[in-house]
Amino acid sequence: MQTITADVFQNLKKFIAENLIQPSSRQERQDGRYCQFQNRQENRQAGPDTGADHLRRQEIQDSQQSGSDGLQYKGDGKEPDHTGGRSMDSLIGEVGASFREVLFDHIQASGMTNTEVYKRANIDRKLFSKIRTNPAYHPGKSTVLALAVALKLDLADTADLLARAEYALSPGSVGDLIVRYFIEHGIYDLQVINTALNEYDQPILG
């Protein structure tokens with residue numbers, strides 16, 4: 001694998017230190033949500049004197065504190081309505097383009113051939129053929145990221161492509177932060193990225 005210059009490695013190390021969400025931080029947030037759940041349970045057990053309106057206000061307050069903005073509540077005070085009152089058919093009708101469709105739109109826009117893309121992504125022809133011919137095929141996250149790097153997608157398009165395959169870049173993953181760092185800095189050399197991933201004992205792309 002290619003070597004990484006000392007400056008790039010030091011900047012990468014600093015980037016990871018500044019952006020990585022440690023497990024302890026996630027645990028603290030989980031503990032906070034658990035405490036809110038306990039409070040709701042205690043309120044429900046307190047008896048009818050708390051009132052339905054009080055419980056509804058408490059649930060709205062708890063959801064806002066845990067970052068669940070935009071929830072609407074049904075008039076009966078029972079369960080939150082995540083759909084805004086719209087039918088399931090209406091929501092399903094808004095399903096966007098698939099991973100496969102978006103990927104090949106990017107390939108066409110790039111001006112590269114399919115062969116050039118899968119070679120740049122360091123994936124074999126058979127795997128790429130599965131993606132191209134089988135709409136139901138679900139590629140792994142490392143494959144999706146390798147294709148994003150091969151296509152030189154920016155961070156927004158990379159995140160969108162990942163989402164189409166039901167993945168996301170996690171701030172709690174060192175490997176994801178490494179990939180994000182190189183994309184943000186316009187470095188799309190897969191060998192360099194994989195060298196950095198290997199240095200941190202992370203799975204390589206492709």
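Read-outs throughout are calculated quantities, based only on the coordinates presented, and are distinct from any laboratory measurement. Not measured: the values here are computed from a predicted model. Methodologically, a virtual Cβ is constructed for each residue, glycine included, from the backbone with ideal geometry; neighbour enumeration extends over all protein chains shown.
With respect to the cross-link table entries Lys13/Lys141; Lys126/Lys152; Lys14/Lys152; Lys13/Lys119, which display a Cα-Cα separation exceeding 32 Å?
Going by Cα-Cα distance, every pair falls inside the 32 Å limit.
Tell me the GluC sites (Glu not before Pro) within region 161-206 that lie in a loop according to DSSP and have at most 13 other beta-carbon atoms within 10 Å. Filter output for region 161-206: Glu166. Taking chymotrypsin sites (Phe, Trp or Tyr not before Pro) across region 114-156, the ones in a DSSP loop with at most 16 further Cβ atoms lying within 10 angstrom of their Cβ are Tyr137.
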